[in-house]
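Below is one structure, written out as structure tokens, with a few remarks after it.
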Amino acid sequence: VTALRTLKGSLGLPLRFGWNGDPCIPQQHPWSGVDCQFDNTKRQWVIDGLGLDNQGLRGVIPSDVSKLQHLQSINFSGNSIKGNIPLSLGTIPGLRVLDLSFNELNGSIPESLGQLTSLQTLNLNGNDLSGRVPASLGGRPLHRVRFNFTDNAGLCGIPGLRECGPHLSVAAKIGMAFGVLVAFLFLVVFAACWWKRRQNIIRGQKLAAAREAPYAKSRTQFTRDVQMGKHHRPHETSPRGGNNESSPHLLS
């Protein structure tokens, strides 16, 4: 009863379900969604089924549900249940039907479900599950079981689903992310230094050009003056050739 009350609170069962008093007694008024049968060995009523499909339920599946060790069938399909599939579900020895399809479950499929040797029907389709389907489930003979893992974009590893890539541990993924971040920061720093150096070079070239401009102008003007002086210089007359009238005559 404690496990059922925990389940009631975790999934937010509406008041119409009742779930007050004893779930199996009187037998004429059992709890809604709860199936009971009489255990002749223990001489008592036990809960062997939970049928809460298409009830608009939300929340998460509590691990306490595994305390109902006589369960043979669990059907929570067609709701809006979130979170992970509890590992503890793999400890219910007589579970034959587990239908969690069309919910919003995420995470990976627990390896513990492979321990359910009596499991005949496993519907996990229509969720947000990811990772590799446990080999203990994917390798079972198909003529003996009905397993459905479709409509989970992140699942892989069995026929009908995508192939799994190399498995990386959480530490490896963190290391890769850190390496990418360091490389990105290095590129940013390198680009910033290169840009600053380039701007300094351009600025230096501009300053040098500004300082050189007056001297270049003066040299150009001086060159022009020299060239103009050469073109305007008067021609000199040679003293040779011709008689000089002012020269004194020698007496013979």
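Put simply, of Ala153, Ala210, Ala135, Ala216 the only residue that is modelled with pLDDT of 70 or more and either in contact with an Asp or Glu (Cβ under 7 Å, 6 or more places away or on another chain) or farther than 30 Å from Leu100 by Cβ (or both) is Ala210.
Yes/no matrix, rows are residues, columns are (1) surrounded by 17 or more Cβ atoms within 10 Å (Cβ to Cβ); (2) in the same structural domain as Leu119 (by TED's automatic domain parsing); (3) touching an Asp or Glu at 6+ places or on another chain (Cβ under 9 Å):
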{"residue": "Leu7", "(1), (2), (3)": "yes, yes, yes"}
{"residue": "Gln37", "(1), (2), (3)": "no, yes, yes"}
{"residue": "Ile47", "(1), (2), (3)": "yes, yes, yes"}
{"residue": "Leu52", "(1), (2), (3)": "yes, yes, no"}
{"residue": "Leu57", "(1), (2), (3)": "yes, yes, no"}
{"residue": "His70", "(1), (2), (3)": "yes, yes, yes"}
{"residue": "Ile74", "(1), (2), (3)": "yes, yes, yes"}
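Of the residues making up region 120-132, just one is assigned to a loop (DSSP other than H, G, I, E, B) and either modelled with pLDDT under 95 or surrounded by fewer than 18 Cβ atoms within 10 Å (Cβ to Cβ) (or both), namely Gln120.
Counting only residues that are touching a helix residue (DSSP H, G or I) at 6+ places or on another chain (Cβ under 7 Å) and of a type in the set (S, T, N, Q), which one in region 84-139 is farthest from Leu68 (Cα to Cα)? Here the answer is Ser136.
The values are calculated or read from the model by the stated rules, or taken from the named source; none is laboratory data. The structure presented is a predicted model; accordingly, all values stated were derived computationally and were not measured. Methodologically, a virtual Cβ is constructed for each residue, glycine included, from the backbone with ideal geometry; neighbour enumeration extends over all protein chains shown.
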